[in-house]
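Novice: Dropping a structure here in structure tokens format, bear with me for questions.
The values are calculated or read from the model by the stated rules, or taken from the named source; none is laboratory data. Since this is a predicted model, take the numbers as computed values, not measurements. Cβ atoms come from the backbone with ideal geometry, glycine included; neighbour counts cover every protein chain shown.
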Amino acid sequence: MSSFSPVEMVRRILDEPVVRPAQLQWRRRQFLSRDGHGSYFGVFDSFKSARAWLPSSPEVDHAALAAEYVDVRTKKVFSYDYPVMWWLDRALRDGASTVLDIGGSVGVHYYAYGRYFHMPDALTWRVVEVPTMVLIGKNLAAQAGAAALSFSENLHESVATASDDVWISAGAIHYFEDGRPDQLLKKCVRRPQHILLNKLPLYNGEDFVTVQNIGEGAFAPLHVYNRARFIQDIKALGYTLWDKWAVQERSMDLRGYPERSFPSFTGLYFVDSARMFKRSKPLLS
Ligand SMILES: C[S@@+](CC[C@H](N)C(=O)[O-])C[C@H]1O[C@@H](n2cnc3c(N)ncnc32)[C@H](O)[C@@H]1O
């Protein structure tokens, strides 16, 4: 008897090479419709070819996408935020006082995490974002009196001039065309002591680019990275992988490509090996 559930059996039949083209055509229509919100489609070799396939859209630079961040995510944390909060709190207690938050929306993590632990008075927290989020984020910070928060639209300039103690990027760095962390670290004048990367699409196969229906009529290309290489490239720059966790709330369900689908995203915490926490050992070797 087969060990697959009926749903999995149907899925496997649809992924068969003979049926796959019809499935992909139907999926394509669904992906591009309102019902496709949140879903992924296709395999591309670059952002350029993904964009050539996608209908024209503002991608992530779209005011309608800000509402959920302003209304919900500035106030609420999710289970996958707890490892980040745990390590960030510890880093701040250990003396870290400058944070670079890559793709931090309107400053959601600054506001939401600040409800759970004390942020030092001298803290500076710089968010790199698209122009629309920068504008909304600056207005929100002015209203909230959040003097620690600042915003930048230029990732490479921010990184080149950065001397931040902590880098955070949650569910974001893979949407940047050239945001691979090891490449950014190589451009940095003073590298961060702590790197917290959350909600990353990492898996065991080859790197590829896919596209996502991000809602409100917008679509975005994103990278999916090979896990071992992604981690090794950061370690090779002198970092220790201190912790990692599965983000069960995110998965890559890429119809027609079972070998590129995976059930959870990943969170990673790296510490500069030369400046590790004094009285503890890495959780991972
Ligand atoms: C899925 S959201 C995650 C937001 C937040 N970090 C969180 O975890 O809730 C991805 C964020 O990355 C930003 N982003 C994606 N590509 C970007 C780019 N090329 N330049 C600046 N920001 C970008 C988007 O505007 C968006 O706010």
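Novice: Return the only residue of Leu123, Leu135, Leu155 being within 16 Å of the ligand (Cβ to nearest atom), touching a residue at least 24 places away in the same chain (Cβ under 8 Å) and on the phi < 0 side of the Ramachandran plot. If you could, list the steps in order and put the result at the bottom.
Specialist: Details: Leu123 fails: within 16 Å of the ligand (Cβ to nearest atom); Leu135 fails: touching a residue at least 24 places away in the same chain (Cβ under 8 Å).
None of the other options fit; the residue is Leu155.
Novice: Only one of these conditions is not met by Tyr82: (1) modelled with pLDDT under 95; (2) in a helix (DSSP H, G or I). Which number is it?
Specialist: (1)
Novice: Looking at region 168-189, which of its residues are of a type in the set (Asp, Glu), within 16 Å of the ligand (Cβ to nearest atom) and touching a residue at least 24 places away in the same chain (Cβ under 8 Å)? It would help to see each step written out before you state the result.
Specialist: First, pick out the residues of region 168-189 that are of a type in the set (Asp, Glu): 177-178, 182.
Pick out the ones that are also within 16 Å of the ligand (Cβ to nearest atom) and you get 177-178.
Correct list: Glu177 only.
Novice: Here's another thing I want to ask about it. If I go through region 74-91 residue by residue, how many of them are among the hydrophobic types (A, V, I, L, M, F, W, C) and in contact (Cβ under 8 Å) with a residue 40 or more places away in the chain? Don't jump to the end; show me each part of the working.
Specialist: Taking region 74-91 as the starting set, the residues that turn out to be among the hydrophobic types (A, V, I, L, M, F, W, C) are 77-78, 84-88, 91.
Going one step further and asking which of them are in contact (Cβ under 8 Å) with a residue 40 or more places away in the chain, we end up with 78, 84, 87-88, 91.
Final tally of qualifying residues: 5.
Novice: Spot the failing condition for Pro58; the list is (1) over 30 Å from Ser163 (Cβ atoms); (2) part of a helix (DSSP H, G or I); (3) within 16 Å of the ligand (Cβ to nearest atom); (4) modelled with pLDDT under 95, and only one is missed.
Specialist: Going through the list (1) over 30 Å from Ser163 (Cβ atoms); (2) part of a helix (DSSP H, G or I); (3) within 16 Å of the ligand (Cβ to nearest atom); (4) modelled with pLDDT under 95, Pro58 breaks only (2).
Novice: From the list Leu14, Leu65, Leu88, pick out the single residue that is more than 19 Å from Tyr110 (Cβ to Cβ) and of a type in the set (A, V, I, L, M). So that I can check it myself, show each step before the final result.
Specialist: On the way: Leu65 fails: more than 19 Å from Tyr110 (Cβ to Cβ); Leu88 fails: more than 19 Å from Tyr110 (Cβ to Cβ).
None of the other options fit; the residue is Leu14.
So that you can scan it fast, the table gives a plain yes or no per residue for (1) buried (at least 20 other Cβ atoms within 10 Å of the Cβ); (2) among the basic types (Lys, Arg); (3) modelled with pLDDT under 95:
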position	(1), (2), (3)
Val224	yes, no, no
Arg227	no, yes, no
Ala236	no, no, no
Arg250	no, yes, no
Gly267	yes, no, no
Ser285	no, no, yes
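Novice: Between Ala162, Ala146, which is surrounded by fewer than 20 Cβ atoms within 10 Å (Cβ to Cβ) and more than 9 Å from the ligand (Cβ to nearest atom)? So that I can check it myself, show each step before the final result.
Specialist: Working: Ala162 fails: surrounded by fewer than 20 Cβ atoms within 10 Å (Cβ to Cβ).
Matching residue, one of Ala162, Ala146: Ala146.
Novice: Identify the single condition in (1) within 30 Å of Gln30 (Cα to Cα); (2) buried (at least 22 other Cβ atoms within 10 Å of the Cβ); (3) more than 15 Å from the ligand (Cβ to nearest atom) that Glu129 does not satisfy, given that it satisfies every other one.
Specialist: Result: Glu129 passes all but (3).
Novice: Please find, within region 17-55, the residue that is farthest from the chain's Cα centre (by Cα) out of those that are part of a loop (DSSP other than H, G, I, E, B) and touching a residue at least 24 places away in the same chain (Cβ under 8 Å). It would help to see each step written out before you state the result.
Specialist: Step one: filter region 17-55 for residues part of a loop (DSSP other than H, G, I, E, B), giving 17-19, 33, 37-39, 45-46, 54-55.
Going one step further and asking which of them are touching a residue at least 24 places away in the same chain (Cβ under 8 Å), we end up with 37-39, 45-46, 54-55.
Values: His37: 17, Gly38: 14, Ser39: 16, Asp45: 20, Ser46: 18, Leu54: 21, Pro55: 23 Å.
Once the filter is applied, the top-ranked residue is Pro55.
Novice: Hey, another quick one. List, please: which pairs have Cβ atoms under 6 Å, are six or more places apart or on different chains, and start with a residue in region 242-264 that is assigned by TED's automatic domain parsing to the domain that holds Ile231 and closer than 23 Å to Leu14 by Cα and end with one that is small (Gly, Ala, Ser) and not in a loop (DSSP other than H, G, I, E, B)?
Specialist: Ser264/Ala246
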